[in-house]
Structure formats: C-alpha cells, structure tokens
Amino acid sequence: MTRMVTSLSALILSIVLLVSGNAFLMTLLGIRLSIEEVSPDVIGWVLVCYSIGFVLGTLYVHKIIGRVGHIRAFAVFAAMAAVVSLMYPMAVSMIFWAVLRVLSGFSIAGVLVVIESWFSSRATNANRGALFAVYQIVFYLSAAGGQLIVNVGDPASFLPFSLAAILLTVALIPLSLTRMEAPVIEQVHRMSVFKLARESFSGVAGALICGVLIGGFYALGPVYATLVGLDVARTSTFMASAIVAAMLLAWPLGRLCDRFDRRRVMFWIALFAAASAVGVAVFGAASLPLLTLLVGLFTGLSATIYPVAVAITNDRMESNKIVAASSTLLLSYGIGSVIGPITMAELINLLGPAGLFYGNAGFLLLLAVITSYRISHTDDVPVEEQEHFVPTMPEASPVLAEMDPRNTEFHESVEVEEMQEELRQAG
C-alpha cells in the first residue's frame, strides 16, 4: 500500500495544490463581495454559478478528455481555473463574476474527473478501499488548509487572487511530469432521479438536502462570518474548522450506520444538526468558541447526510446498479448545491446573518419529516443485510463511484493487471 501511495505522490501533490487553491478562492470571493457591500441575495446568485458550472462539467468534460487525452485536458482545465482567478479583480462586475464562476466550476470538475480517473486506474480489489480513503482525507485536509491562507494579503487587493492562481498553476507541474500512463475514461451511466427516488426516496432527498446545506454554507459561510463581525483571520479559522469537523465525524457516525437502521440514523442526524443550526442562529458570534463548536457540529453532521443517503440507496439496489445510482445521487447533490446559495442568500437578506442557519434548520427538519414518513410507510432493510458503510464525499466527480468498495462490479484496470502479472513472473 505504501508503495502504491508513493507511486501516486505526483497525483496527490497536484490534488493538494489544486484543492487548497480552489477552497481558498471560494472563501476569498465571499469575503471580497462582502467588503464591496454587495447584498447577500446578489452574492448568492453570483456564487451559485460555480455549482452550475460544476454540474455541467461532470456531465460533459469526459468528451474533452476523450478527444485530447488526460494530461492535455488537465493542463487546459487547470490553466482555465488559474486564468479565471486572475480575472476577478480586473472588474468587480456581478455579471462578469457570475460568468467566471461558471467557468471555474466547469474547469474544476474537469481536473477532478482527470485526477479521480487516475486514482481509479491504480485501484485493485485489494487496495481500492484504502485508496478511496486516502483520496478523501487528502481532499478534506487540502480544503481546510486552503481556508487558513485566506488572511494572506488584503482581500480587496490583487495579491490573494494571484496566490490562488499560483496554486492552481503549480498544480500542473507534478502531474505534467509524471510518467504514468493515462487511463481510459468510460461514459458514466446514470438512472433518472425520478426512477431512483422510486427505489430510495430517502436517499435522493438526503443527497438533495445535503447539497442545499453544504452548498449554501460553503458559498455564504464567509459572508455570514463577515456580517457578524469576524475579521479575515477568524473567518478562515471558522471555515477550516467546519471542514475538519466534516471529516472527523464521518467515521464514528459510520459505525452507528452499521449497527442501526440507517434511515433512523439519518433522522437523528437531521434533528441534531437542526438543533446545532438553531444554536448558531440564536447565539451568533457572542462567543467565538461556542460559535466554532456549534458550526462544527452543524457542518460535520450535515456532511454525513450524503454518505448515509448513499448507504441507504445502495442497500436497496442491485450490485450492478450501484455506480449508476451513485452518479445520480451526485447529480441530486449538485441540484441541491444550486438551490442552497440562492435560498440562503434570500433568507440572509430578509432575516439578517441568522437567516442562513434558520434556513438550514428548516431544510433539516424537512428531511427529518420525510425520513420519518418513509420509515413508517416502507419496510426497513434488516441491519444484518445492510452493505458495509463507506464514508463518501459529494465534492467529487461520478468517476470516484467506480472506486467505492461496495461496487462489486469493479474491474481492475488492464494496466494494473499487467503490472501484477509482471511482478508474479519476476518473483
């Protein structure tokens, strides 16, 4: 396993640079728009364009990659993301920035498809679970680290945007120098959202509402922090702690999901997350430690809704439909991430900063009601028949679903099989 991770060191370094640069830029934009005194509802419309571009990217970038190859496509998408980051301070125009956010979302989707394809091509039935976990840990830690560099330079100046562009550009170097053979990308199959909802309405609702919560928080969390009086340094810590909490709570809640009925686990997660959101709305920034704790609980619990929704869905799917179902759940999450920033921005405009968390609490209570109704009207999957819980994250492309250890249809790449055969012959 160590040898495999070492062989992927160039790929991992590119991930660290890319994800940290993108996370840094997302928070920077929220702070900059607040400094420019743009109304929260307009901020929501501008920042949601990233999610629109990302969803479009996951649907169409495979065609570009198939035409020009992985390394060229990665260079194109990373360069596009870097150029876009340099263009923001050139003209603070909301229409201009909205277009840039679409391009940014599309390009980030492209680089993630390339990176995740490479990870998937190096996975075997023996190591894919570990590689799946390594990818997610690297992703979350990089995103949290990106938040901590937000206070480098004045957000109203050109410098932070240049730093983001540097990180995104330097991400090109490790992967461009790699000697790894490019994998083959196959078209990801999906089933319609409505068809999947007939199989697992709780799963689709969970993925959609998780998109609303996380999409709204990542877009407007920096705006909330600015409105309640946090300076740039505290805002970066505020956002970083939320991301780390999402990573840390995934494993203990996963153990609960393996021991109890998963819909009931999601019901209680929704209730506790709603209580945390109300606590943030009520107490605000009166106590920074309390705010950090409550926001960490809210984001950590909310982020686990997606993997629980995936687990609930997979328990009810045939093994050969798991990848298609996972791709559709990602699409549902993407739709939610478009709804979230717009809705939450309107609530902030109407109710002030607390509107972000009152809105989140409302969506969580809606999920609890939906889950309770489904529990009372449909049969449970016996605990002993549930698939093993696997922490998954929605900030990914559909390609990563191929590596999910529950995917019994997973096939090792020809390249990996050939390498294993060569090792056996050499031994």
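The values are calculated or read from the model by the stated rules, or taken from the named source; none is laboratory data. Everything numeric here is computed off the predicted structure, so don't read it as measured data. Cβ: placed from backbone, ideal geometry, glycine included. Neighbour counts: every protein chain shown. Ligands, DNA and RNA are excluded from the accessible area calculation, which covers all protein heavy atoms including side chains. Shrake-Rupley method; radii C 1.70, N 1.55, O 1.52, S 1.80 Å.
Across the stretch 184-323, Cα pairs under 8 Å and at least six residues apart give a relative contact order of 40 percent.
So, for the stretch 241-338, what is the accessible surface per residue at a probe of 1.4 Å, expressed in square angstrom? Spell out each step's value before the answer.
Working: 3430 Å² over 98 residues.
Heavy-atom accessible area per residue stands at 35 Å².
Label separation (R198 vs L290): 5.0 nm, computed from points 7 Å beyond Cα along the C-beta direction. When the surface is traced with a 1.4 Å probe over the full set of protein chains, Y373 keeps roughly 120 Å² accessible. Here the extension length gained between T378 and V92 equals 97.8 nm, from 0.36 nm per residue of separation less the Cα-Cα distance.
Within a Cβ distance under 11 Å of A205, other residues only, what is the Lys/Arg minus Asp/Glu net charge? Before the final figure, lay out each step's value.
On the way: positive: R263, R374; negative: none.
Spelling it out: positives minus negatives among the neighbours equals +2.
Heavy-atom accessible area for F158, with the other protein chains in place and a 1.4 Å probe, reaches approximately 90 Å². If you sort D379, D231, D258 by accessible surface, 1.4 Å probe, largest first, the order is D379, D231, D258. Each residue, L159 and R259, gets one label point 7 Å from its Cα in the Cβ direction; the gap between the two is 5.0 nm.
Accessible area ranking (1.4 Å probe, heavy atoms, ligands and nucleic acids excluded), largest first, for V310, V76: V76, V310. Per-residue SASA remark: E36, around 80 Å² accessible (1.4 Å probe; ligands, DNA and RNA not included).
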